[in-house]
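Participant: Below are the structure tokens for one structure; questions will follow.
Read the figures in this text as sums done on the coordinates, not as results from a lab. Every value quoted in this text rests on a predicted model; they were computed, and no experiment measured them. Positions of Cβ are generated from backbone atoms using ideal geometry, with glycine treated the same way; all protein chains shown enter the neighbour counts.
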Amino acid sequence: METDPFSDQLQRALAPAYTIQRELTGGGMSRVFVAIEHALGRAVVVKVLKPELGAGVNRERFRREIMLAAQLQHPHIVPVLNAGEHGDLLWYTMPFVEGVSLRDSLVHAGQFSARTVTRVLHDVLDALAYAHRRGVVHRDIKPGNILHHGSHSLVTDFGVAKALSASMPHSGTTSVGIAIGTPAYMAPEQLAADPTADHRMDLYAVGLLAYELLTGVQPFSGSSPQATMAAQLTRMPTPLEEACPGVPPSLASLVMRLLAKHPDERPASAAAALAELEAMTTPTGAPASTSSPRTVPMAPRSGETTAPATTPRSGSRLALIGAVVGILAVVVGIALTRGRRIIDPVPATPRPATRADSAPSAVPQARLTHEDSLRIAEAVRVEMAKTRQKAAQQPGAGNLDSLRRTLVRAYTDSALREARQAVVAGSPRVAVAESVVAKPS
């Protein structure tokens, strides 16, 4: 195996108990190696936190969270075997599973049949129900963390994202103020660092997983993590029955409810979602439909629709509407006077490519910088705090989640003109790592 200084340092830390054989790809928040554990003569996976994450970790708290994850023993969960530290290195080991991740399977298969997706969802929801009952939330459900082993699916990295989040000095942020996670698979409340976020963030991620497996595309994907974040907060994906008409209606309905922006509109628990999934299957384990999604043309990925507005449930919500109008006036004023660079909204519908598309655009494109993302998140946090205080004095005042989405959208749309002017003036564009996303402090 070709080595680098990091690999050499890790081998010295692991010796003599382990010998590194090779490095795997796609580790996200960690570097991943296959090693031989000499005591038992077996292959294991060694995951080492990247230095930029490990530097800010409270090691004692990280160790406690990893120990909690190591207590999970379930047929659809890849367990944590061991954990350790050496100098600047923090690592943990898991069994080496002979299988492929769903991410790799998607690359080769494009999309899965409803029968296969139902089996995957059954195993994943079964694992989540078990873990949630024990107080462990995964926080990073995505195709790369689901392994296909024979006819079963195994969830890996259980509790690792929680361990990182809990052990960071600023409630789950790195030393530069950014939250850990994968924007394309994070629930709105997770992106907004809502302190009341709970196990239902995993259910939202399961909905994203199912949608992608059935259609072959991510329901939310943008040109940058910020564009993806904006789509997650403000848009609903194309209804599954339109994106993939061959999917049984009962399965499509479950997936779309898992994707509800507000946690209260999702199934109450993984166990409840699992029970619903089992109720809709035939004795052979397939959805009660004979149509196949592979024989139906797939809808374009970018055909997203705006999330429907919620229906007022009481006269007291008029007070919240008034508060929203006042807050938006302040937000618009701030955005217009600051002239920040804001990301362009996610396009609503695709159009056929033309020769003109290859020519330089007459309208300059703008990107949200990392600093601007933090400022916007902080402004939204402040306005949400004010509104929560008013709502506490007036119970039943309305949907704060809807207000948060409206605030994010208002910042984006109001500052678009200033964003383009900044690009014309030659303002630099700053890229942000795809594995992190800005959060309120």
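Participant: So if each residue of separation counts as 0.36 nm, and I subtract the Cα-Cα distance between Arg22 and Val382, what length gain in nm does that give?
Facilitator: Working it through step by step, the gained length comes to 124.8 nm.
Participant: Moving on. So, counting K/R as plus one and D/E as minus one, what does the shell of residues with Cβ under 15 Å around Ala129 add up to? Before the final figure, lay out the partial values.
Facilitator: Working: positive: Arg133, Arg134, Arg200, Arg266; negative: Asp123, Asp126, Asp198, Asp202, Glu276, Glu278.
That sum, taken over residues with Cβ under 15 Å, equals -2.
Participant: Give me the orientation-averaged projected area of the Cα convex hull of region 5-95, in nm², one decimal. Walk me through the numbers before you get to the answer.
Facilitator: Details: hull surface 24.7 nm².
Mean projected area of the Cα convex hull: 6.2 nm².
Participant: Here's something else I'd like to know. Order these by the 10 Å Cβ neighbour count, fewest first: Thr156, Thr25. Display every interim value, and only then the final one.
Facilitator: Details: Thr156 22, Thr25 6.
Exposure proxy ranking, most exposed first: Thr25, Thr156.
Participant: Then there's this: Determine the alpha carbon to alpha carbon distance for each of Lys142/Lys162; Lys47/Lys162; Lys162/Lys390; Lys50/Lys162 and list only those over 20 Å.
Facilitator: Working: Lys142/Lys162 15 Å; Lys47/Lys162 15 Å; Lys162/Lys390 32 Å; Lys50/Lys162 16 Å.
Check vs 20 Å cut-off fails for Lys162/Lys390.
Participant: Report the full-extension gain for the segment Val107 to Val32: residue separation times 0.36 nm, less the Cα-Cα distance, to one decimal in nm.
Facilitator: Working: separation 75, 0.36 × 75 = 27.00 nm, distance 2.03 nm.
In short, 25.0 nm is gained.
Participant: Just to check I understand the Karplus step: with θ = phi - 60° and J = 6.51 cos²θ - 1.76 cosθ + 1.60, what whole-Hz values come out for region 82-96, glycine and proline as x?
Facilitator: Once rounded to whole Hz, the list reads 7, 8, x, 8, 7, x, 8, 8, 10, 9, 8, 10, 9, x, 7.
Participant: Moving to a separate point now. Label points 7 Å out from Cα along the Cβ direction at Ala39 and Ser221: separation in nm?
Facilitator: Computed distance between label sites Ala39 and Ser221 equals 4.2 nm.
Participant: Additional query: Under a crude label model (7 Å from the Cα following the beta-carbon direction), how far is Arg133 from Glu85 in nanometres?
Facilitator: Calculated label separation equals 3.3 nm.
Participant: Amide H of Ser224 versus every other amide H placed in the peptide plane: which residues, excluding those fewer than 5 positions away on the same chain, fall under 5 Å?
Facilitator: Those qualifying (amide H under 5 Å, at least 5 residues apart or on another chain) number zero.
Participant: A further question follows. Within 10 Å of each residue's Cβ, count the other Cβ atoms and sort Ile146, Ile66, Ile36 from fewest upward. Please list the in-between numbers first.
Facilitator: Details: Ile146 26, Ile66 21, Ile36 15.
Lowest count first: Ile36, Ile66, Ile146.
Participant: Residues with amide H under 5 Å of Met186's amide H, sequence separation 5 or more or different chain, H placed in the peptide plane at 1.01 Å from N; which?
Facilitator: Sorted by chain and number, the residues that satisfy this come to none at all.
Participant: Here's a follow-up. Give, rounded to the nearest 20 debye, the magnitude of the charge dipole that region 5-95 has about its Cα centre when Lys and Arg contribute +1 at Cβ and Asp and Glu contribute -1 at Cβ.
Facilitator: For this selection, approximately 120 debye.
Participant: Considering amide H positions built from the backbone, and no H for Pro or chain starts, which residues 5 or more places from His86, or on another chain, come under 5 Å of its amide H?
Facilitator: Under 5 Å from the amide H of His86 lies no amide H from a residue far enough along the sequence or on another chain.
Participant: Working out 0.36 nm times the residue gap between Glu98 and Gln9, then minus their Cα-Cα distance, what length gain in nm do you get to one decimal? Write out the running numbers ahead of the final one.
Facilitator: On the way: separation 89, 0.36 × 89 = 32.04 nm, distance 2.69 nm.
Length gained, Glu98 through Gln9: 29.3 nm.
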